[in-house]
Amino acid sequence: MATHTTLDAYLDNWADTDTRRSVAETINTLIDAGRTISSLVALGPLAGKVGAVIGEHEDGDTQKELDLRTNDIVVEVLGAAPVSFIASEEMDDAMATAHPDAPLIVAVDPLDGSSNIETNVSIGTIFSILPRIAGETDANAQFYQTGRNQLAGGYIVYGPQLSLVLTVGDGTHIFTCDPGDGQFKITSENIKIPEDTREFAINMSNYRYWDEPIQSYINDILEGADGPRNKNFNTRWIGAMVAECFRILVRGGIYIYGGDVRAGYEHGRLRLIYEGNPVAFLIEQAGGAATTGQTPVLDVIPTTIHQRIPLIFGSADELGILEGYIADTDPARQDAPLFSKRGLFRA
């Protein structure tokens, strides 16, 4: 049987400075939360009505019972980590911990893909670890850093395997939890996303809302080997970004979730700080690309905790092809939102 490096060994070897040791400690704390959440997810309806809608965010997104329970788990464990501020999808504002001088801050989506809770589809916890801004007392303002400042980013997948996808800026790695000893072990090291692809992920039910260049791009894909792309494609859409990203890391592909003319979708639906940034970090470290359509995701400067962005990521070559469709449009329309009838790609 092959020998696999454990997460503990990987982090011990990497953590050669005080800051890195703090990051390693925080990652292990998040892993502890992930184990607890995994056990809760595995119970499904035996844990109660975890898929029940019990509230909603100010912008209309629903909150399910499991969303709030996982948030409580993550916030509780991070209280013992070297973390001074926490931002979560499930909290209106960032919060200070009991350690105001701790060196790190953490942004988290405690349960990505919660619409899939009742259908037994993979869901996950996404996290971004950043340095604390010295002298900044406003909890929200702590997180107004670009994704380039991330010290670590990743997510835990609760699926057929309990997996961690992680980068600390030294490549992207997949760790799989060994049920025999409970240890996370490297099973895919220094992943490189295939540059070419035959798979795309987009919610086709919204086709009528997209701008013409996106419709043209998808039309040409759907023509397959008989069309200008000269090859057949498969479409994939799971409804949980962690699962989409995992597939792209392993097999290549492109993921497209932009804005459209529906109320509340003008600038996309995915959140920059705790969804777009950690995923973009993982994708870039694996040789792929992640963009809003105008700007690399990691270069966007946040202005609010729950800022939404259009998000495209995946195989670098395919993103280049899509950008070609976008560029070949009326120049007067270049500064409007991705997929909107008004044009393309405002972050």
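The values are calculated or read from the model by the stated rules, or taken from the named source; none is laboratory data. Keep in mind the model is a prediction, meaning the values are calculated, not measured. Cβ sites come from the backbone with ideal geometry, for glycine too, and all protein chains shown count toward neighbours.
Can Val121 be described as of a type outside the set (Ser, Thr, Tyr) and closer than 27 Å to Gly171 by Cβ?
no
Report yes if some residue within the stretch 254-276 is farther than 30 Å from Ile86 by Cα and part of a helix (DSSP H, G or I); otherwise report no.
Pass one, the stretch 254-276, residues farther than 30 Å from Ile86 by Cα: 254, 260-262.
Now narrow it down to the ones that are part of a helix (DSSP H, G or I): none.
Checking the stretch 254-276: not a single residue is farther than 30 Å from Ile86 by Cα and part of a helix (DSSP H, G or I).
For every residue, the table says whether it meets (1) assigned to a strand (DSSP E or B); (2) closer than 27 Å to Pro296 by Cβ; (3) free of Cβ contacts under 8 Å to residues at least 24 places away in the same chain.
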{"residue": "Ile105", "(1), (2), (3)": "yes, yes, no"}
{"residue": "Ile126", "(1), (2), (3)": "yes, yes, no"}
{"residue": "Ile129", "(1), (2), (3)": "yes, yes, no"}
{"residue": "Gly135", "(1), (2), (3)": "no, no, yes"}
{"residue": "Val157", "(1), (2), (3)": "yes, yes, no"}
{"residue": "Asp170", "(1), (2), (3)": "no, yes, no"}
{"residue": "His173", "(1), (2), (3)": "yes, yes, no"}
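Just need a number here: residues in the stretch 89-132 that are of a type in the set (Asp, Glu) and either farther than 18 Å from Asp72 by Cα or touching a Gly at 6+ places or on another chain (Cβ under 9 Å) (or both).
Qualifying residue count, the stretch 89-132: 4.
Here is a check on your reading of the model: is Thr146 surrounded by 18 or more Cβ atoms within 10 Å (Cβ to Cβ), within 20 Å of the chain's Cα centre (by Cα) and either in the same structural domain as Ile273 (by TED's automatic domain parsing) or over 18 Å from Ser22 (Cα atoms) (or both)? Walk me through how you get there before you give the answer.
On the way: surrounded by 18 or more Cβ atoms within 10 Å (Cβ to Cβ): no; within 20 Å of the chain's Cα centre (by Cα): yes; either in the same structural domain as Ile273 (by TED's automatic domain parsing) or over 18 Å from Ser22 (Cα atoms) (or both): yes.
In short, no.
Just checking, how many residues over the stretch 183-204 are polar (S, T, N, Q) and in a strand (DSSP E or B)? Lay out the reasoning, then the answer.
So in the stretch 183-204, the residues polar (S, T, N, Q) come out as 183, 187-188, 190, 197, 203.
Now restrict to residues that are in a strand (DSSP E or B): 187-188.
So the answer is 2.
Looking only at the stretch 222-232, decide whether some residue is in the same structural domain as Phe281 (by TED's automatic domain parsing), surrounded by 14 or more Cβ atoms within 10 Å (Cβ to Cβ) and in contact (Cβ under 8 Å) with a residue 24 or more places away in the chain.
Scanning the stretch 222-232, I find no residue that is in the same structural domain as Phe281 (by TED's automatic domain parsing), surrounded by 14 or more Cβ atoms within 10 Å (Cβ to Cβ) and in contact (Cβ under 8 Å) with a residue 24 or more places away in the chain, so the answer is no.
In the stretch 77-91, which residue that is of a type outside the set (A, V, I, L, M) and in contact (Cβ under 8 Å) with a residue 40 or more places away in the chain is farthest from Pro131 (Cα to Cα)? If you could, list the steps in order and put the result at the bottom.
Within the stretch 77-91, the subset of a type outside the set (A, V, I, L, M) is 79, 82, 84-85, 88-90.
If we keep only those that are in contact (Cβ under 8 Å) with a residue 40 or more places away in the chain as well, we get 82, 84-85, 88-89.
Details: Pro82: 11, Ser84: 10, Phe85: 10, Ser88: 16, Glu89: 19 Å.
Among those residues, the one meeting the criterion is Glu89.
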